[in-house]
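The values are calculated or read from the model by the stated rules, or taken from the named source; none is laboratory data. Treat the numbers as computed from the prediction; the structure is a model and nothing was measured. No Cβ is skipped: glycine too gets one built from the backbone with ideal geometry, and neighbour counts run over all protein chains shown. Please note that ligands, DNA and RNA were not included when accessible areas were found on the heavy atoms of the full protein model with its side chains. Shrake-Rupley method; radii C 1.70, N 1.55, O 1.52, S 1.80 Å.
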Amino acid sequence: MTDEYMWGAEYTFNIDHGYFEALARGWRAGILTPEDYYNLCQCETLEDLKLHLTSTDYGNFLQEEKSPLAVSTIDDKLKGKMVTEFKHIRSQAVAPLSTFMDFITFGYMIDNVILLLIGTRNKREMSELLPKCHPLGMFDEIGVVTVASTPGELYSCVLKDTPLGPFMAKCLKAPDLDELNIEIIRNTLFKEYLESFYNFCQSIGGGTADTMGKILQFEADRRALNITINSFGTELAAQKEERAKLYPLIGDFFPHGLLGLKDCDDIESVQGVLAKFPQYECLFENVGDDMGDKTFEDRCYEMEVRLNEESFEQQFHFGVFYSLIKLKEQEARNIVWISECIAQSHKSKIENYITIFATKG
(Lines give C-alpha, C1' and ligand atoms only; values in the text may rest on other atoms or scores of the structure.)
Protein backbone atom coordinates (compact mmCIF):
# COMPACT_ATOMS: atom_id res chain seq x y z
CA MET A 1 0.00 0.00 0.00
CA THR A 2 1.46 3.35 -1.05
CA ASP A 3 2.14 6.30 1.24
CA GLU A 4 -0.06 8.43 -1.00
CA TYR A 5 -2.98 6.05 -0.52
CA MET A 6 -2.43 5.92 3.22
CA TRP A 7 -2.52 9.71 3.52
CA GLY A 8 -5.68 9.78 1.43
CA ALA A 9 -7.29 7.12 3.59
CA GLU A 10 -6.52 9.08 6.75
CA TYR A 11 -7.95 12.32 5.41
CA THR A 12 -11.09 10.73 3.95
CA PHE A 13 -11.80 8.34 6.83
CA ASN A 14 -14.51 10.58 8.32
CA ILE A 15 -16.46 10.76 5.06
CA ASP A 16 -17.42 7.07 5.11
CA HIS A 17 -16.69 5.94 8.66
CA GLY A 18 -16.47 8.97 10.97
CA TYR A 19 -20.10 8.80 12.14
CA PHE A 20 -19.75 5.15 13.11
CA GLU A 21 -16.48 5.75 14.93
CA ALA A 22 -18.20 8.54 16.88
CA LEU A 23 -21.00 6.12 17.78
CA ALA A 24 -18.51 3.53 18.98
CA ARG A 25 -16.68 6.09 21.10
CA GLY A 26 -20.00 7.24 22.53
CA TRP A 27 -20.86 3.68 23.55
CA ARG A 28 -17.36 3.32 24.98
CA ALA A 29 -18.11 6.30 27.24
CA GLY A 30 -21.01 4.29 28.66
CA ILE A 31 -18.78 1.45 29.90
CA LEU A 32 -19.43 0.83 33.61
CA THR A 33 -17.15 2.72 35.98
CA PRO A 34 -15.43 1.37 39.11
CA GLU A 35 -18.13 3.21 41.09
CA ASP A 36 -20.84 1.36 39.17
CA TYR A 37 -19.20 -1.96 40.00
CA TYR A 38 -18.92 -0.98 43.66
CA ASN A 39 -22.65 -0.23 43.74
CA LEU A 40 -23.52 -3.46 41.93
CA CYS A 41 -21.51 -5.43 44.49
CA GLN A 42 -23.57 -3.86 47.29
CA CYS A 43 -26.83 -5.18 45.84
CA GLU A 44 -28.61 -7.82 47.91
CA THR A 45 -30.96 -9.08 45.20
CA LEU A 46 -31.09 -9.21 41.41
CA GLU A 47 -33.94 -6.69 41.56
CA ASP A 48 -31.52 -4.28 43.28
CA LEU A 49 -28.99 -4.93 40.51
CA LYS A 50 -31.65 -4.33 37.86
CA LEU A 51 -32.55 -1.02 39.53
CA HIS A 52 -28.95 0.18 39.63
CA LEU A 53 -28.36 -0.70 35.97
CA THR A 54 -31.19 1.69 35.02
CA SER A 55 -28.93 4.57 36.10
CA THR A 56 -26.24 3.50 33.61
CA ASP A 57 -26.22 3.37 29.82
CA TYR A 58 -28.08 0.06 30.06
CA GLY A 59 -31.18 2.02 31.04
CA ASN A 60 -34.42 0.02 31.15
CA PHE A 61 -33.19 -2.95 29.13
CA LEU A 62 -34.58 -5.31 31.79
CA GLN A 63 -37.85 -3.50 32.48
CA GLU A 64 -40.04 -6.01 30.66
CA GLU A 65 -38.59 -8.98 32.55
CA LYS A 66 -40.81 -10.31 35.30
CA SER A 67 -39.69 -11.28 38.78
CA PRO A 68 -37.99 -13.40 39.90
CA LEU A 69 -35.20 -12.33 37.56
CA ALA A 70 -32.89 -15.13 36.38
CA VAL A 71 -29.17 -14.72 35.76
CA SER A 72 -29.57 -16.39 32.36
CA THR A 73 -32.11 -13.70 31.42
CA ILE A 74 -29.64 -10.96 32.34
CA ASP A 75 -26.98 -12.70 30.26
CA ASP A 76 -29.29 -12.99 27.23
CA LYS A 77 -30.39 -9.36 27.45
CA LEU A 78 -26.79 -8.10 27.76
CA LYS A 79 -25.84 -10.09 24.68
CA GLY A 80 -28.92 -8.84 22.84
CA LYS A 81 -28.09 -5.20 23.52
CA MET A 82 -24.53 -5.64 22.25
CA VAL A 83 -25.72 -7.43 19.11
CA THR A 84 -28.27 -4.67 18.39
CA GLU A 85 -25.54 -2.02 18.58
CA PHE A 86 -23.25 -4.07 16.33
CA LYS A 87 -25.96 -4.62 13.71
CA HIS A 88 -26.91 -0.93 13.78
CA ILE A 89 -23.43 -0.06 12.52
CA ARG A 90 -22.98 -3.07 10.22
CA SER A 91 -26.27 -2.42 8.40
CA GLN A 92 -25.08 1.06 7.34
CA ALA A 93 -21.33 0.49 6.95
CA VAL A 94 -19.60 0.54 3.58
CA ALA A 95 -16.40 -1.21 2.51
CA PRO A 96 -13.86 -1.76 3.89
CA LEU A 97 -15.56 -1.27 7.30
CA SER A 98 -18.40 -3.61 6.30
CA THR A 99 -15.87 -6.34 5.45
CA PHE A 100 -14.01 -5.70 8.71
CA MET A 101 -17.22 -6.14 10.70
CA ASP A 102 -18.04 -9.31 8.78
CA PHE A 103 -14.65 -10.66 9.85
CA ILE A 104 -15.66 -10.07 13.47
CA THR A 105 -18.68 -12.34 12.99
CA PHE A 106 -16.63 -15.20 11.52
CA GLY A 107 -15.21 -16.09 14.95
CA TYR A 108 -18.73 -16.49 16.33
CA MET A 109 -19.68 -18.61 13.31
CA ILE A 110 -16.83 -21.00 14.12
CA ASP A 111 -17.95 -21.22 17.76
CA ASN A 112 -21.51 -21.97 16.68
CA VAL A 113 -20.46 -24.70 14.24
CA ILE A 114 -18.33 -26.41 16.88
CA LEU A 115 -21.10 -26.11 19.49
CA LEU A 116 -23.51 -27.88 17.12
CA LEU A 117 -21.00 -30.59 16.21
CA ILE A 118 -20.25 -31.35 19.87
CA GLY A 119 -23.93 -31.18 20.81
CA THR A 120 -24.93 -33.55 18.00
CA ARG A 121 -22.17 -35.97 18.98
CA ASN A 122 -23.60 -35.95 22.51
CA LYS A 123 -27.08 -36.66 21.08
CA ARG A 124 -28.55 -33.23 21.90
CA GLU A 125 -31.57 -32.02 19.98
CA MET A 126 -31.21 -29.16 17.49
CA SER A 127 -34.05 -27.33 19.23
CA GLU A 128 -31.94 -27.29 22.38
CA LEU A 129 -28.68 -26.31 20.67
CA LEU A 130 -29.71 -23.47 18.35
CA PRO A 131 -30.83 -21.09 21.13
CA LYS A 132 -27.33 -21.45 22.63
CA CYS A 133 -25.67 -20.23 19.44
CA HIS A 134 -24.33 -16.69 19.42
CA PRO A 135 -26.58 -14.42 17.32
CA LEU A 136 -23.58 -12.78 15.61
CA GLY A 137 -22.54 -16.20 14.32
CA MET A 138 -25.78 -17.28 12.68
CA PHE A 139 -25.90 -18.02 8.94
CA ASP A 140 -28.44 -19.59 6.60
CA GLU A 141 -26.83 -23.02 6.40
CA ILE A 142 -26.31 -23.47 10.14
CA GLY A 143 -29.43 -25.59 10.55
CA VAL A 144 -27.94 -28.42 8.50
CA VAL A 145 -24.54 -28.60 10.25
CA THR A 146 -25.69 -31.68 12.12
CA VAL A 147 -26.24 -33.75 8.96
CA ALA A 148 -22.48 -33.99 8.40
CA SER A 149 -20.71 -37.13 9.61
CA THR A 150 -17.26 -36.35 8.18
CA PRO A 151 -15.22 -33.15 7.69
CA GLY A 152 -15.66 -33.63 3.93
CA GLU A 153 -19.45 -33.59 4.26
CA LEU A 154 -19.27 -30.61 6.61
CA TYR A 155 -17.39 -28.73 3.91
CA SER A 156 -19.24 -29.83 0.78
CA CYS A 157 -22.79 -29.90 2.18
CA VAL A 158 -22.70 -27.03 4.68
CA LEU A 159 -19.75 -24.65 4.76
CA LYS A 160 -18.42 -24.55 1.20
CA ASP A 161 -20.48 -21.51 0.18
CA THR A 162 -20.26 -19.70 3.52
CA PRO A 163 -17.53 -17.31 4.72
CA LEU A 164 -16.02 -20.30 6.58
CA GLY A 165 -15.61 -22.30 3.36
CA PRO A 166 -12.00 -21.25 2.63
CA PHE A 167 -11.03 -22.01 6.23
CA MET A 168 -12.80 -25.38 6.30
CA ALA A 169 -11.02 -26.43 3.10
CA LYS A 170 -7.91 -26.93 5.27
CA CYS A 171 -9.72 -29.42 7.57
CA LEU A 172 -10.61 -32.26 5.22
CA LYS A 173 -8.04 -34.92 6.17
CA ALA A 174 -9.77 -36.29 9.29
CA PRO A 175 -11.85 -39.43 8.63
CA ASP A 176 -14.71 -38.59 10.99
CA LEU A 177 -16.04 -36.11 13.55
CA ASP A 178 -14.94 -37.69 16.81
CA GLU A 179 -14.03 -35.57 19.83
CA LEU A 180 -10.36 -35.13 18.91
CA ASN A 181 -11.08 -34.30 15.28
CA ILE A 182 -13.68 -31.71 16.26
CA GLU A 183 -11.06 -29.99 18.43
CA ILE A 184 -8.57 -30.13 15.54
CA ILE A 185 -11.20 -28.61 13.24
CA ARG A 186 -11.93 -25.87 15.79
CA ASN A 187 -8.28 -24.91 16.10
CA THR A 188 -7.59 -25.15 12.37
CA LEU A 189 -10.57 -22.93 11.58
CA PHE A 190 -9.42 -20.35 14.11
CA LYS A 191 -5.84 -20.50 12.82
CA GLU A 192 -6.99 -19.81 9.26
CA TYR A 193 -9.46 -17.17 10.43
CA LEU A 194 -6.95 -15.23 12.56
CA GLU A 195 -4.31 -15.26 9.84
CA SER A 196 -6.83 -14.10 7.23
CA PHE A 197 -8.22 -11.35 9.50
CA TYR A 198 -4.68 -10.22 10.34
CA ASN A 199 -3.70 -10.02 6.66
CA PHE A 200 -6.87 -8.07 5.86
CA CYS A 201 -6.12 -5.53 8.61
CA GLN A 202 -2.54 -5.18 7.41
CA SER A 203 -3.82 -4.50 3.89
CA ILE A 204 -5.89 -1.59 5.24
CA GLY A 205 -2.79 -0.16 6.89
CA GLY A 206 -2.57 2.84 9.22
CA GLY A 207 -4.08 2.69 12.70
CA THR A 208 -6.15 -0.38 11.82
CA ALA A 209 -3.02 -2.37 10.97
CA ASP A 210 -1.30 -1.16 14.14
CA THR A 211 -4.05 -1.68 16.73
CA MET A 212 -5.55 -4.84 15.24
CA GLY A 213 -2.08 -6.24 14.58
CA LYS A 214 -1.31 -6.18 18.31
CA ILE A 215 -4.72 -7.55 19.30
CA LEU A 216 -4.74 -10.41 16.78
CA GLN A 217 -1.12 -11.30 17.53
CA PHE A 218 -2.05 -11.67 21.19
CA GLU A 219 -5.09 -13.75 20.25
CA ALA A 220 -2.89 -15.99 18.12
CA ASP A 221 -0.42 -16.46 20.98
CA ARG A 222 -3.22 -17.14 23.45
CA ARG A 223 -4.60 -19.84 21.16
CA ALA A 224 -1.15 -21.41 20.84
CA LEU A 225 -0.89 -21.52 24.64
CA ASN A 226 -4.38 -22.98 25.03
CA ILE A 227 -3.80 -25.61 22.35
CA THR A 228 -0.61 -26.69 24.10
CA ILE A 229 -2.01 -26.70 27.64
CA ASN A 230 -5.30 -28.36 26.70
CA SER A 231 -3.46 -31.14 24.84
CA PHE A 232 -1.74 -32.39 28.00
CA GLY A 233 -3.18 -35.77 28.92
CA THR A 234 -4.77 -36.29 25.49
CA GLU A 235 -3.75 -38.08 22.28
CA LEU A 236 -2.59 -34.78 20.83
CA ALA A 237 0.15 -34.42 23.46
CA ALA A 238 2.08 -37.26 21.85
CA GLN A 239 1.50 -35.92 18.33
CA LYS A 240 3.70 -32.84 18.67
CA GLU A 241 4.10 -32.21 14.97
CA GLU A 242 0.33 -32.34 14.48
CA ARG A 243 -0.19 -30.05 17.48
CA ALA A 244 2.26 -27.54 16.05
CA LYS A 245 0.30 -27.36 12.79
CA LEU A 246 -2.60 -25.84 14.75
CA TYR A 247 -0.61 -22.83 15.96
CA PRO A 248 -1.42 -19.51 14.24
CA LEU A 249 1.68 -18.06 12.60
CA ILE A 250 1.10 -14.33 13.22
CA GLY A 251 1.86 -13.82 16.90
CA ASP A 252 4.92 -12.79 18.88
CA PHE A 253 5.64 -16.49 19.42
CA PHE A 254 6.34 -16.99 15.72
CA PRO A 255 8.69 -18.65 15.03
CA HIS A 256 10.90 -19.43 18.03
CA GLY A 257 8.21 -19.44 20.71
CA LEU A 258 6.10 -21.86 18.69
CA LEU A 259 9.05 -24.20 18.34
CA GLY A 260 9.40 -24.11 22.13
CA LEU A 261 5.68 -24.77 22.70
CA LYS A 262 5.76 -27.70 20.29
CA ASP A 263 8.12 -29.57 22.62
CA CYS A 264 6.29 -28.75 25.90
CA ASP A 265 5.02 -31.65 27.99
CA ASP A 266 3.75 -29.81 31.08
CA ILE A 267 2.87 -26.40 32.54
CA GLU A 268 6.40 -25.87 33.82
CA SER A 269 7.86 -26.19 30.33
CA VAL A 270 5.22 -23.74 29.01
CA GLN A 271 6.26 -21.26 31.67
CA GLY A 272 9.86 -21.78 30.58
CA VAL A 273 8.90 -20.66 27.06
CA LEU A 274 7.03 -17.63 28.42
CA ALA A 275 10.13 -16.57 30.36
CA LYS A 276 11.61 -15.58 27.00
CA PHE A 277 8.61 -13.30 26.30
CA PRO A 278 8.42 -10.75 29.14
CA GLN A 279 5.10 -9.36 27.92
CA TYR A 280 3.48 -12.72 28.70
CA GLU A 281 5.10 -13.65 32.02
CA CYS A 282 2.15 -12.05 33.84
CA LEU A 283 -0.19 -14.74 32.45
CA PHE A 284 0.92 -17.16 35.18
CA GLU A 285 1.48 -14.53 37.89
CA ASN A 286 -0.18 -15.59 41.19
CA VAL A 287 -2.26 -18.19 39.35
CA GLY A 288 -3.70 -20.90 41.58
CA ASP A 289 -6.68 -23.06 42.49
CA ASP A 290 -7.50 -21.59 45.92
CA MET A 291 -10.43 -19.29 46.64
CA GLY A 292 -9.75 -15.82 45.29
CA ASP A 293 -6.84 -16.95 43.11
CA LYS A 294 -6.62 -15.81 39.51
CA THR A 295 -6.67 -18.41 36.75
CA PHE A 296 -4.66 -18.46 33.53
CA GLU A 297 -7.90 -17.59 31.71
CA ASP A 298 -8.42 -14.58 34.01
CA ARG A 299 -4.93 -13.30 33.22
CA CYS A 300 -5.59 -13.67 29.49
CA TYR A 301 -8.83 -11.73 29.81
CA GLU A 302 -7.00 -8.99 31.72
CA MET A 303 -4.40 -8.64 28.97
CA GLU A 304 -7.11 -8.69 26.32
CA VAL A 305 -8.93 -5.85 28.08
CA ARG A 306 -5.78 -3.73 28.30
CA LEU A 307 -5.05 -4.20 24.59
CA ASN A 308 -8.60 -3.31 23.63
CA GLU A 309 -8.56 -0.24 25.85
CA GLU A 310 -5.52 0.96 23.91
CA SER A 311 -7.54 0.94 20.66
CA PHE A 312 -9.32 4.07 21.84
CA GLU A 313 -6.07 6.01 22.21
CA GLN A 314 -5.86 6.43 18.40
CA GLN A 315 -8.35 7.79 15.89
CA PHE A 316 -9.28 7.06 12.28
CA HIS A 317 -9.10 3.26 12.45
CA PHE A 318 -11.41 0.24 12.62
CA GLY A 319 -9.92 -1.30 15.75
CA VAL A 320 -12.41 0.58 17.96
CA PHE A 321 -15.28 -1.48 16.53
CA TYR A 322 -13.61 -4.79 17.37
CA SER A 323 -12.46 -3.55 20.76
CA LEU A 324 -15.88 -2.22 21.71
CA ILE A 325 -17.40 -5.67 21.13
CA LYS A 326 -14.70 -7.40 23.18
CA LEU A 327 -14.94 -4.88 26.03
CA LYS A 328 -18.72 -5.15 26.07
CA GLU A 329 -18.39 -8.92 26.25
CA GLN A 330 -16.07 -8.59 29.24
CA GLU A 331 -18.49 -6.16 30.85
CA ALA A 332 -21.28 -8.70 30.37
CA ARG A 333 -19.11 -11.41 31.98
CA ASN A 334 -18.53 -9.07 34.90
CA ILE A 335 -22.24 -8.36 35.38
CA VAL A 336 -23.16 -12.03 35.06
CA TRP A 337 -20.47 -12.97 37.60
CA ILE A 338 -21.77 -10.41 40.10
CA SER A 339 -25.34 -11.56 39.41
CA GLU A 340 -24.41 -15.20 40.08
CA CYS A 341 -22.76 -14.27 43.39
CA ILE A 342 -25.85 -12.33 44.44
CA ALA A 343 -28.28 -15.06 43.33
CA GLN A 344 -26.32 -17.73 45.22
CA SER A 345 -25.74 -15.52 48.29
CA HIS A 346 -22.04 -16.24 47.87
CA LYS A 347 -20.49 -12.80 47.86
CA SER A 348 -17.02 -13.64 49.17
CA LYS A 349 -15.67 -13.69 45.60
CA ILE A 350 -18.01 -11.08 44.13
CA GLU A 351 -15.16 -8.69 43.36
CA ASN A 352 -13.38 -11.20 41.09
CA TYR A 353 -14.22 -9.22 37.98
CA ILE A 354 -12.04 -7.27 35.55
CA THR A 355 -12.48 -3.50 35.65
CA ILE A 356 -12.53 -1.79 32.25
CA PHE A 357 -11.15 1.74 31.83
CA ALA A 358 -10.42 1.96 35.56
CA THR A 359 -9.41 5.58 34.93
CA LYS A 360 -11.90 6.70 32.32
CA GLY A 361 -10.98 9.77 30.37
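Of the residues 274, 261, 51, which exhibits the maximal mean-square fluctuation in a Gaussian network model of the chain defined by a 10 Å Cα contact cut-off?
So, out of 274, 261, 51, the one fluctuating most is 51.
Can you give the charge dipole size of the chain about its Cα centre, rounded to the nearest 20 debye, using +1 on the beta carbon of Lys and Arg and -1 on the beta carbon of Asp and Glu?
520 debye
Report the normalised scattering of the stretch 151-303 as log10 I(q)/I(0) at q = 0.20 Å⁻¹, calculated by the Debye formula with identical scatterers on the alpha carbons.
Computed log10 I(q)/I(0) values: -1.28.
Solvent-accessible area of residue 284, probe 1.4 Å, all protein chains present, reported in Å² to the nearest ten, please.
Spelled out: residue 284, probe radius 1.4 Å, area about 40 Å².
Extension gain residue 169-residue 76, at 0.36 nm per residue separation less the Cα-Cα distance, in nm?
Details: separation 93, 0.36 × 93 = 33.48 nm, distance 3.31 nm.
Once the chain is fully extended between residue 169 and residue 76, it gains 30.2 nm.
Could you check the simple spin-label distance between residue 67 and residue 179, using points 7 Å along Cα→Cβ, in nm with one decimal?
4.4 nm
Gap in Å between the Cα centre of the stretch 228-293 and the Cα centre of the stretch 309-361?
Here the answer is 26 Å between Cα centres.
Which is the longest part of the chain that has none of the trypsin sites (Lys or Arg not before Pro) sitting in a DSSP loop with at most 11 other Cβ atoms within 10 Å? Don't skip to the end; give the middle numbers.
Details: sites that count: 66, 123, 173.
Longest site-free region, per DSSP loop and neighbour criteria: 174-361.
Explain nothing, just the number: dipole magnitude of the stretch 265-350 about its Cα centre with +1 on each Lys and Arg Cβ and -1 on each Asp and Glu Cβ, in debye rounded to the nearest 20. Walk me through the intermediate numbers first.
Details: 9 positive and 18 negative charges, 83 e Å.
Roughly 400 debye, rounded to the nearest 20.
Pick from 298, 176, 289 the residue whose mean-square fluctuation is largest in a GNM of the chain, springs joining Cα atoms under 10 Å.
Among 298, 176, 289, the largest mean-square fluctuation in the Gaussian network model of the chain belongs to 289.
Give the accessible surface of the chain per residue, rounded to a whole number of Å², with probe radius 1.4 Å and ligands, DNA and RNA excluded.
Numbers: 17530 Å² over 361 residues.
In whole numbers, the chain has 49 Å² accessible per residue.
In the stretch 276-344, with Lys and Arg counted as +1 and Asp and Glu as -1 at Cβ, which of these residues, 279, 296, 324, has the Cα nearest the positive end of the dipole, that is, farthest along it?
324
How many nm separate the modelled label positions at residue 25 and residue 132, each set 7 Å beyond the Cα in the direction of the Cβ?
4.1 nm
Just reorder 210, 263, 161 by solvent-accessible area, largest first, 1.4 Å probe, all chains present. Don't skip to the end; give the middle numbers.
Details: 210 60, 263 90, 161 135 Å².
Final ranking, largest accessible area leading: 161, 263, 210.
Just from its helices, what would the mean residue ellipticity at 222 nm be for the chain, if runs of 4 or more DSSP H residues each count -39500 (n - 2.57) and the sum is divided by every residue, rounded to the nearest 500 deg cm²/dmol?
Values: 15 runs with 213 residues, N = 361.
Calculated mean residue ellipticity at 222 nm is -19000 deg cm²/dmol.
Report in % the part of the accessible area of the stretch 165-209 that belongs to carbon and sulfur, leaving out ligands and nucleic acids; probe 1.4 Å.
On the way: 980 of 1830 Å².
Result for the stretch 165-209: 54 percent of the exposed heavy-atom area is carbon or sulfur.
Shape of the chain from its Cα gyration tensor (a ≥ b ≥ c, root eigenvalues): rounded if a/c is under 1.5, otherwise prolate when a/b > b/c, or oblate?
On the way: a/c = 1.29, a/b = 1.15, b/c = 1.12.
Note, shape of the chain comes out rounded.
To make sure I understand the rule: partners must be lysines, Cα under 23 Å from the Cα of residue 173, and not fewer than 8 residues away in the same chain. Which ones qualify?
Answer for residue 173, where 23 Å is the Cα cut-off: 160, 191, 240, 245, 262, listed by chain and number.
Ignoring ligands, DNA and RNA, what percent of the 1.4 Å accessible area of the stretch 1-154 is carbon and sulfur?
Numbers: 4250 of 8100 Å².
After summing per-atom areas, the C and S share lands at 53 percent.
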